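The structure appears below as structure tokens.
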Amino acid sequence: MADFTIDPSTQSYQQLLAGLGVLRTRIAARLPYFGRLSLADKKRWLNKDPLFKEMITMSKQLVNFLDLE
């Protein structure tokens, strides 16, 4: 395993953490509505909203990585 250090006290780490909190809040608010859409409407939404699409893609990859399906 590679040796690496994570320092959560750095300014850049704290900025990423704060940004993630804002992003989670914004994405979480959209999920219930998104879940009720038809597949065609979901695809249309994802094509128009690259940030939401990236979050969905990243979430699916994380689930696959952790083998939680």
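Read the figures in this text as sums done on the coordinates, not as results from a lab. Just so we're clear, the structure is a prediction, and the values are computed from it rather than from any experiment. Note that each Cβ is placed from the backbone with ideal geometry, even for glycine, and that neighbours are counted across all protein chains shown.
Listed values, structure above:
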quantity: Separation of the Ala28 and Leu16 label points, Cα + 7 Å toward Cβ, nm; calculated: 2.1
quantity: Contour excess over end-to-end distance, with Cα ends at Lys43 and Ser9 and 0.36 nm allotted per residue; calculated: 8.3 nm
quantity: For the range 11-66: rounded, prolate or oblate by the Cα gyration tensor [a/c cutoff 1.5]; calculated: prolate
